[in-house]
Amino acid sequence: MATLGDLGVGAALNILSAFLFFVVFAILRLQPFNDRVYFPKWYFKGLRESPTHSGAFVRKFVNLDFRSYIRFLNWMPAALKMPEPELIDHAGLDSAVYLRIYLIGLKIFVPIAFLAWAVLVPVNWTNNTLDLAKLANVTSSDIDKLSISNVPDKSQRFWSHIVMAYIFTFWTCYVLLKEYETVAKMRLHFLATEQRRPDQFTVLVRNVPPDADESTSELVEHFFLVNHPDHYLTHQVVYNANKLAKLVKKKKKMQNWLVYYRNKVSRSKNSTRPLMKTGFLGLWGNKVDAIEYYETEIEKLSNDIAEEKERVANDSKSIMPAAFVSFKTRWGAAVCAQTQQSRDPTIWLTEWAPEPRDVYWPNLAIPYVSLSVKRLIMGVAFFFLTFFFMIPIAFVQSFASLEGIEKAAPFLKPIGFIKSVVAGFLPGIALKLFLIFLPTILMIMAKFEGFTSKSSLERRAASRYYLFTFVNVFLGSIVIGTAFEQLNSFIHQSATEIPKTIGVAIPMKATFFMTYIMVDGWAGIAAEILMLKPLIIFHLKNFFLVKTDKDREEAMDPGSIGFNTGEPRIQLYFLLGLVYATVTPALLPFIIIFFGLAYVVFRHQIINVYNQEYESAAAFWPDVHGRVVSALIISQLLLFGLLSTKKAALSTPFLIALPVLTIWFYRYCKGRFEPAFVTYPLQEAMMKDTLERAKEPNLNLKGYLQSAYVHPVFRDCDDDEDNESIDKGENESVIVPTKRHSRRNTPVPSRMTGGSSPSLPDVVEDYAQP
């Protein structure tokens, strides 16, 4: 258990680390050769060019204007200057709403911290329960006297904690309600004012039933011409082009090498042809002419690509039972996406299509019927992953609970300063290191489950990450840490006293979370702006691997903000703050510093660095709201259990109403605001369609949508190749192609048989007219 002195050492180390990160960042971002690392977003937008300096050669690499170094923190006010509407135009609604999560943290915890320190801290401090508990071998420190553990059993002072729990709950719900309302309005306004996008007119259709007489493309066209005759426009069937994508990717890589060697020859003064070894990484193998080698390999790959492309176009097994169906109006797309298409609810399943940037194409090739099995397998795998991670959690808690271990084994007692470093700094950094590979593992699991958009993949990984941190980082740290801290007490007391000891010790685990917040939330956030990993990778790629301008763009691409990792981390801080607000208020200042610092840092990163891969119009907000509400309920239940161990029989029952009220609040918000994030109002769709027809009456919408959802691998193929074979499923005619013998549901004549439906003579007569 970290003492007040240990926390002081940890705070000093982390504050010093954060300050050094800021100073190093201030120096590195001013250097011309790092400009593409710290301002890549402006390069992608074409609003920034590489800085040029006349004069000395060194000025091209080093900024010699020493006055700019004095204002090394001027990036902070600069990050706060851009107003939110301009930020939405610059970075998108997803990024702007993501920043509001940090603002919610400040809105919730600043007033809560003021009340908790004004009311609860004096109530907890003016007792001597922990001093008496030390005589019974219960380990504690001076900072734990600020917690509820210092209040004696059956005390009337617990009423203050219950009243504060109600106040904290009502305030949190009020902030969440106002924020949900604000974000919902922002989303609807964004959808109403954003420019035309293919996903506004397009629906993803899954589980198209097989038909012996028609191909998937013909069947999709026939179905939607029959059931949406006034609104259907065109469609694009989904191909299993994963193998073709690998070949195209390999060809692009070799083309970059070819360009590099050709440039090398053109720039060299002698006419020597470059040589290379054909073995692994060019380390061994036969020496050959590099240009001839890559020209030969590219020609082979071009032939393989042409063959694979022909196979994909002609092999019926390569066509998946899914399609992107586009409509003439947003209203027509909204009706299709939000209604059941067939009497059988398991076929012709429709949902809004992700925007083309958001589509995760490899998973479209997964048969729909196998998704349930895949998700069951991943659910079991996630359970075992969560369970076995308790082992490293126990390892971390052994460092955080040295005092408890010392009492049971005095010979393990370390010397003073080393103990302060181990208890005040090492637990947080050790836990941070153990969690490094978790996001990658969870994203792989989400991809295996078959989600078809990058946004849904990130939301799935985020939900798993949050559940994982709740079980392991929060509950695991409390249970295992309590066992270590009170090890000597557990050994020498009867089994009936163990629950009471745990009840006293749970609030004292706040010291471990304080060390974790300082490492992850202070120094970790400061390290985020330094971008040490992207900085190193950019310069390594620029020196060893960059061969073309396109390679340089890829080298400086920092990626997106990482919702699957950032949002669950924020939710852990919400959980810690709400749980310990009434239990150990001393934790709250650490939380507030995190939210304030993170807001400034990530606002700077969103403005200058991160390049969002997709735009979901804040579709993730219901998940954010739900997780904060769940943290609130967890805090209420833990307080209820804690007061039960403190024998507060008269006051504890008054807490029962809190979870009930909170659940009612969640259901109210879900019914009131969530539809704005799940469905698209037909009224909004009609208004936008009407306005667009008035502004652009001659818009060629079919030409705009025709190739919007063609697999990107087909666009990456050679421009000279004819893509008609791939797109032959696209049909320009409104006449329904069918080979069925029975056409009772076909409202127009069949191009295949020339016959017509006798049940619809008027429609047939209309189509028969010239």
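The values are calculated or read from the model by the stated rules, or taken from the named source; none is laboratory data. It should be emphasised that the depicted structure is a prediction, and the values quoted were computed from it without experimental measurement. Quick reminder, even Gly has a Cβ in these numbers, built from the backbone with ideal geometry, and neighbours come from all protein chains shown. Each accessible area value is taken on the protein alone, full model and side chains, heavy atoms only, with ligands, DNA and RNA left out. Shrake-Rupley method; radii C 1.70, N 1.55, O 1.52, S 1.80 Å.
Hey, can you find the accessible area per residue of segment 198-354 for me, probe 1.4 Å, expressed in square angstrom? Walk me through the numbers before you get to the answer.
Details: 8060 Å² over 157 residues.
I get 51 Å² per residue for this part.
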How big is D for segment 198-354, in µm² s⁻¹ as a whole number, if Stokes-Einstein is applied with the Kirkwood radius of its Cα pairs at 4 °C and 1.567 mPa s?
67 µm²/s
Counting Lys and Arg as +1 and Asp and Glu as -1, each charge on the Cβ, what is the dipole of segment 198-354 about the Cα centre in debye, to the nearest 20?
1460 debye
Compare the Cα positions of Ile305, Pro274, Asn256 along the charge dipole of segment 198-354 (+1 at Cβ of Lys, Arg; -1 at Cβ of Asp, Glu; about the Cα centre) and return the one farthest towards the positive end.
Pro274
Once you place label points 7 Å from the Cα toward the Cβ at Asn698 and Phe114, how far apart are they in nm?
6.2 nm
Hey, what did segment 198-354 get for relative contact order, percent, Cα under 8 Å, at least 6 apart?
47 percent
Under 17 Å from the 7 Å Cα→Cβ point of Lys185, by amide nitrogen: which residues of segment 658-673?
672-673
So, with points 7 Å from each Cα along the Cβ direction, the Glu295-Arg197 label distance in nm works out to 4.5 nm
Check which residues have an amide H placed less than 5 Å from Met276's amide H, if you skip close sequence neighbours.
Val288, Ala290
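Lys and Arg at +1, Asp and Glu at -1: add these up for the other residues within a Cβ distance under 13 Å of Glu674 and post the number. Walk me through the numbers on the way to the answer.
Details: positive: Arg187, Arg667, Lys670, Arg672; negative: Glu181, Asp623.
Local charge sum for Glu674: +2.
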Once neighbouring chains are kept in place and the probe is 1.4 Å, which whole percent of the accessible area of segment 198-354 is contributed by carbon and sulfur?
51 percent
